[in-house]
Amino acid sequence: GFVFSANEAFYKYIGYAKPAYQPKFSISPAETIEVIHAAGGLACLAHPLLYGRDSIIPDLVDQGLDGIEVMHIKHGPEKVRRYTDIADRYGLLKTGGSDCHGDGRGEPVMGTVAVPKEFVDTLQAAHQEKARSKG
């Protein structure tokens, strides 16, 4: 009853410098990778194209990055080749998906990116190997 929409809530209360604003919690990529590994997960870089900073990938690999998103709704064939080459060069696992946050227009996007079963199988095998070596 305080607001009529999410936009109004941000505008009045939770947006930057508003009464209920909380700064985002931030940790370094190295700390993030460490936390993911400590939880038994595989650290994978999602939608690298959207960051526009491929130059950081070698540093992330040095810090323990396990994989990179190759297949993404905004990756055309040229970008898929680019990120496949990067994954192969650095020995990274390949991931993919529709990254379904919706498209902002109400169009369905979930399931629109074909991800090879090999990606899933390789991820599962890597996760199982990580669990075996940890336990």
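Cβ-Cβ distance below 8 Å, separation of 6 or more or different chains: which pairs start in segment 50-77 with a residue that is more than 17 Å from ILE36 (Cβ to Cβ) and end on one that is open to solvent by 70 Å² or more (accessible area, probe 1.4 Å) and of a type in the set (A, V, I, L, M)?
Matching pairs, first to second residue: MET71/ALA114; LYS74/LEU50.
Under the condition of being within 16 Å of ALA126 (Cα to Cα) and under 11 Å from the mean Cα position of the chain (by Cα), which residue from segment 59-84 is most open to solvent (accessible area, probe 1.4 Å)?
Step by step, filter segment 59-84, then rank; the result is GLU69.
Kindly indicate whether any position in segment 29-50 is at pLDDT below 90 and open to solvent by 70 Å² or more (accessible area, probe 1.4 Å).
yes
On the given criteria, is ILE56 loosely packed, with under 15 Cβ neighbours inside 10 Å and either closer than 24 Å to ALA114 by Cβ or of a type in the set (A, V, I, L, M) (or both)? Walk me through how you get there before you give the answer.
Details: loosely packed, with under 15 Cβ neighbours inside 10 Å: yes; either closer than 24 Å to ALA114 by Cβ or of a type in the set (A, V, I, L, M) (or both): yes.
Spelling it out, ILE56 is indeed loosely packed, with under 15 Cβ neighbours inside 10 Å and either closer than 24 Å to ALA114 by Cβ or of a type in the set (A, V, I, L, M) (or both).
For residues that are among the charged types (D, E, K, R) and part of a loop (DSSP other than H, G, I, E, B), scanning just segment 85-109, find the one that is modelled with the highest pLDDT. Steps first, answer last, please.
Taking segment 85-109 as the starting set, the residues that turn out to be among the charged types (D, E, K, R) are 85, 88-89, 94, 99, 103, 105, 107.
After this cut, where a residue has to be part of a loop (DSSP other than H, G, I, E, B) as well, the list is 99, 103, 105, 107.
Details: ASP99: 62, ASP103: 55, ARG105: 61, GLU107: 65.
The selected residue is GLU107.
The values are calculated or read from the model by the stated rules, or taken from the named source; none is laboratory data. Quantities reported herein were computed from a predicted structural model and do not represent experimental measurements. Counting neighbours? That spans all protein chains shown, and the Cβs are built from the backbone with ideal geometry, glycine included. Surface accessibility is based on the protein's heavy atoms, side chains included, excluding ligands, DNA and RNA. Shrake-Rupley method; radii C 1.70, N 1.55, O 1.52, S 1.80 Å.
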